[in-house]
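Here's the structure we're looking at; comments come further down.
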Amino acid sequence: MSLLAKYQERVQHQHGWEVELQCPECNHVAVPKYDGWTASKAIKLGDTPTIYANLTCSDCGRDLKEAAGGKLKELFKDVAIPVRNKGLLYKFLFVVIGLPLILMGFLWAGVVADWWGYGAFGWLGLIAFITTPAIFYFNYNIHAIRFVCECGNPRYLSMGLLGRSYCYRCSSCAKCLRLRD
């Protein structure tokens, strides 16, 4: 398997829903029928959930996205983002934003102080060689968190977004995980 294929496998979300919901129409409580998922650009912020799964009541066939949104808030309200995830995000921001700004400031100061000419800004091309692998590295490591679980058989399903956090639930042990990427 190539490095790019491993990367794509690692960052790909597995969508699903394995939690019981109560249908507001017929009051039937069961795991809803999962009919795949639909991508959407309508991401809701704050504590408003975004559900991508197409969920219907197994009894009456009613759409259960609203019920799923309420359940997502209930399941993930007390789940904190792992420290490792936050640390990777801070390091990523430093490498992708901080280092280029420091390099640009250093180059600008050198040109103003006449240490070197404007050709020194050619060093900014170095940013491309730093940024691109850094993005792949941090993306890979952020998503690697989903491949580790206390149960020893991690099978995290993406249930949706709660604000800007991706919400996952392990199919093996029902552990909930929130990540930012």
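The values are calculated or read from the model by the stated rules, or taken from the named source; none is laboratory data. Keep in mind it's a predicted model, so treat the numbers as computed, not measured. Note: ideal-geometry Cβ built from the backbone for every residue, glycine included; neighbour counts use all protein chains shown.
Of note:
- When the residues of region 85-131 are filtered to those that are of a type in the set (A, V, I, L, M, F, W, C) and not in a helix (DSSP H, G or I), the one that is surrounded by the fewest Cβ atoms within 10 Å (Cβ to Cβ) is A113.
- Evaluating F138 against the criteria (1) at pLDDT 90 or above; (2) over 29 Å from P49 (Cβ atoms); (3) among the aromatic types (F, W, Y) leaves one unmet condition, (2).
- Selected residue (criterion: surrounded by the most Cβ atoms within 10 Å (Cβ to Cβ)) from residues of region 149-171 that are in contact with a helix residue (DSSP H, G or I) (Cβ under 8 Å, 6 or more places away or on another chain) and among the hydrophobic types (A, V, I, L, M, F, W, C): M159
- For region 84-96, the criterion of being in contact (Cβ under 8 Å) with a residue 24 or more places away in the chain, touching a helix residue (DSSP H, G or I) at 6+ places or on another chain (Cβ under 9 Å) and closer than 19 Å to G160 by Cα is met by at least one residue.
- Within the span defined as region 85-100, one or more residues are modelled with pLDDT of 90 or more, over 25 Å from W37 (Cα atoms) and in contact with a strand residue (DSSP E or B) (Cβ under 9 Å, 6 or more places away or on another chain).
- Tabulated pairs, region 42-64, first within 17 Å of R180 (Cα to Cα) and among the polar types (S, T, N, Q), second at pLDDT below 90 and surrounded by fewer than 19 Cβ atoms within 10 Å (Cβ to Cβ), C-beta under 8 angstrom, 6+ apart or interchain: T48/G163; T50/S40; T50/A42; T50/I43; T50/K44
- As a summary of the residue check, R146 satisfies the conditions (1) exposed (fewer than 13 other Cβ atoms within 10 Å of the Cβ); (2) in contact with a Phe, Trp or Tyr (Cβ under 6 Å, 6 or more places away or on another chain); (3) not acidic (D, E) except for the one numbered (1).
- Scanning region 1-60 for residues that are among the hydroxyl-bearing types (S, T, Y) and over 27 Å from C173 (Cα atoms) turns up S2, S40.
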